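Heads up, the thing below is written out as structure tokens.
The values are calculated or read from the model by the stated rules, or taken from the named source; none is laboratory data. Predicted model, so just to flag it, every value in this text is computed and none were measured. When we count neighbours, we look across all protein chains shown, and the Cβ atoms used for this are built from the backbone with ideal geometry, even at glycine. In case anyone asks, the SASA skips ligands and DNA or RNA and just uses the protein heavy atoms, side chains included. Shrake-Rupley method; radii C 1.70, N 1.55, O 1.52, S 1.80 Å.
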Amino acid sequence: MVRSFYESVLAQIDQEAKKIGLDPGITSVIKEPERQLIVSIPVVTDSDDIRVFTGYRVQHSSARGPCKGGIRYHPLVTLDEIKALATLMTLKCAVAHIPFGGAKGGITCNPAQLSQREIQRLTKRYAAAILPIIGSKTDIPAPDVNTSADTMGWIMDAVSMYKGQTVLDIVTGKSLELGGSLGRFEATGRGVMLTTLAALEKLHRHPKDTSIVIQGFGNVGSIAAKLLAEKGCKIIGITDISGGIYNPDGLDIPRIYNHVYSTKPPCLLQDYDDKKVSSVTNEELLELETDILIPAALENQITLGNVDHIKAQLIVEGANGPVTDKADGVLNEKKIIVIPGILANSGGVIVSYFEWVQGIQSFFWDLKEVNANLKKLILKSFQEVWDMGQKEATSLRSAAYMLSLKKVAASLEQRGIFP
Ligand code: NAD
């Protein structure tokens with residue numbers, strides 16, 4: 001039977017909780033989200049019809065601090081998917097040593113079929129609907145798939161209108177003009193670059209002799225591609241939802257980036273015109289001959305169905321949950337190293353934390369300080385996860401889960417179950 005994304009996350013928690021001897025009661029607390037909200041969102045369309053969308057906000061855990069997590073707009077958003085993503089946020093914040101718990105939100109919609117004005121109305125009504133449970137000290141949203149600094153600005157405005165004052169620290173991932181942090185836009189991709197280079201160093205490999213393919217050319221994938229190319233890596237294949245492009249001699253990432261992001265919304269890779277590249281489907285991309293594979297699109301991309309065709313020796317999870325737990329087992333048997341998303345893509349939430357701190361203080365750091373602190377935190381986590389993996393002779397995912405579960409469990413135990 002094929003497990004859902006959420007079942008896969010829960011199975012991994014069970015497996016690692018047993019290894020560290022976690023109290024079964026505490027494990028069952030960690031497996032259940034604290035709060036789940038489903039909202040209905042009526043929107044007046046540009047043609048004056050009314051459409052009703054469904055939105056979610058799940059707060060998985062506040063054991064270690066305010067809940068924190070992105071908001072996703074996608075046709076396949078379900079409550080179960082949001083629960084899985086919220087759970088991973090709790091573990092990610094624990095791995096990264098930042099004082100947040102986990103949350104996630106989403107709206108089941110296809111933004112490609114909505115105008116910007118409709119998306120703005122949808123966003124503001126969603127913000128109003130989840131307002132009873134979000135807050136600067138309780139639950140702080142951020143961007144995720146198909147949401148951006150614009151979306152965060154609209155949420156911040158809706159909340160500010162209700163509160164009668166401008167509330168900077170209600171969301172992160174805002175534009176600089178609205179109290180965002182320098183470096184937040186690039187933070188997740190930068191973290192992917194830093195963890196990839198750290199793994200290469202452990203493997204005694206040089207970036208200049210390394211080929212990489214990346215699935216997803218959005219916020220995470222495109223920035224990771226740009227930064228890794230700057231470090232000398234050869235990016236040989238990239239895809240987005242339309243499929244993608246391939247050149248075994250290396251792609252001209254700055255040129256492709258400028259092409260895709262010269263329009264708003266960005267254009268698709270299928271429209272990129274260059275005789276030196278051939279086209280590749282998303283399925284083919286995952287199975288290309290390459291040193292490193294970076295899935296940076298959506299969950300459940302590497303499954304029992306394709307895992308035997310994966311040729312990369314290192315997989316860096318830019319996306320959340322791109323490898324199913326069953327496929328992960330096969331990768332471990334084959335000694336393919338996987339840097340789990342709760343470590344590899346934690347750069348976004350780390351700089352979100354910096355943004356939140358800066359918003360509270362109304363005192364903003366320069367880019368050098370943001371990037372230096374990001375590097376310090378993410379490489380510290382990388383080293384801890386690596387060392388734990390070596391000590392326990394286990395995978396990096398297992399090590400990251402063990403470390404984070406211990407921290408969340410310690411907070412729950414020390415606080416005591418209320419009342
Ligand atoms: P995005 O919306 O900016 O980009 C998503 C990209 O994936 C786009 O290029 C899109 O075309 C592509 N895509 C969508 N469906 C696809 C498919 N079926 N096959 C191939 N490509 C497909 O989103 P993002 O913010 O870059 O997020 C990507 C992943 O990274 C998600 O799993 C997200 O949860 C995770 N993540 C994002 C952040 C962040 O700060 N944005 C932080 C941590 C993790």
Residue in region 23-30 that is among the small types (G, A, S), open to solvent by less than 20 Å² (accessible area, probe 1.4 Å) and in a helix (DSSP H, G or I) present: no
Single residue of V77, V44, V58 found to be β-branched (V, I, T) and more than 16 Å from the chain's Cα centre (by Cα): V44
Considering residues of region 342-365 that are among the aliphatic types (A, V, I, L, M) and more than 16 Å from the ligand (Cβ to nearest atom) only, the residue farthest from G135 (Cα to Cα): V357
Among (1) within 16 Å of the ligand (Cβ to nearest atom); (2) loosely packed, with under 15 Cβ neighbours inside 10 Å - the single one E333 does not satisfy: (1)
Residue match in region 367-386 (condition: more than 23 Å from the chain's Cα centre (by Cα) and either surrounded by 16 or more Cβ atoms within 10 Å (Cβ to Cβ) or closer than 17 Å to F100 by Cα (or both)): no
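Within region 205-231, take every residue that is among the hydrophobic types (A, V, I, L, M, F, W, C) and part of a helix (DSSP H, G or I) and give me the one that is farthest from the ligand (Cβ to nearest atom). Steps first, please.
Here is the first cut: in region 205-231, the ones among the hydrophobic types (A, V, I, L, M, F, W, C) are 212-214, 217, 220, 223-225, 227-229.
Filter once more, keeping what is part of a helix (DSSP H, G or I): 220, 223-225, 227-229.
Details: V220: 4, I223: 8, A224: 9, A225: 11, L227: 14, L228: 15, A229: 17 Å.
Only one residue tops the list, namely A229.
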For G164: the one exception among (1) within 16 Å of the ligand (Cβ to nearest atom); (2) open to solvent by 10 Å² or more (accessible area, probe 1.4 Å): (1)
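Which one of these is in contact with a strand residue (DSSP E or B) (Cβ under 7 Å, 6 or more places away or on another chain) and within 28 Å of S346 (Cβ to Cβ): T123, T151?
Within the list T123, T151, the selection yields T151.
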Test set (1) in contact with a strand residue (DSSP E or B) (Cβ under 8 Å, 6 or more places away or on another chain); (2) open to solvent by 10 Å² or more (accessible area, probe 1.4 Å); (3) within 29 Å of L377 (Cα to Cα); (4) more than 13 Å from the ligand (Cβ to nearest atom) - L178 fails condition number: (1)
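Where residues in region 307-327 are of a type in the set (D, E) and open to solvent by 10 Å² or more (accessible area, probe 1.4 Å), which of them is nearest to A187 (Cα to Cα)?
In the first step, residues of region 307-327 are kept if they are of a type in the set (D, E); the result is 308, 317, 325.
Right, trim to open to solvent by 10 Å² or more (accessible area, probe 1.4 Å) and you get 308, 325.
Numbers: D308: 32, D325: 27 Å.
The residue in question is D325.
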Pick from region 338-361, criterion of a type in the set (G, A, S) and farther than 16 Å from M193 by Cβ, ranking: surrounded by the most Cβ atoms within 10 Å (Cβ to Cβ): S352
Pick from region 270-292, criterion at pLDDT 95 or above and within 13 Å of the ligand (Cβ to nearest atom), ranking: surrounded by the most Cβ atoms within 10 Å (Cβ to Cβ): L286
Failed condition for L304, given (1) among the aliphatic types (A, V, I, L, M); (2) open to solvent by 10 Å² or more (accessible area, probe 1.4 Å); (3) under 16 Å from L285 (Cα atoms): (3)
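Scan W386, W365 and give me the residue that is more than 19 Å from P143 (Cβ to Cβ) and outside any helix (DSSP H, G or I). Before the answer, list the steps.
On the way: W386 fails: outside any helix (DSSP H, G or I).
Step by step, each of W386, W365 is checked, and only W365 is more than 19 Å from P143 (Cβ to Cβ) and outside any helix (DSSP H, G or I).
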Members of region 232-267 found to be surrounded by 15 or more Cβ atoms within 10 Å (Cβ to Cβ), in a loop (DSSP other than H, G, I, E, B) and within 14 Å of the ligand (Cβ to nearest atom), listed by number: I241, S242, P266, C267
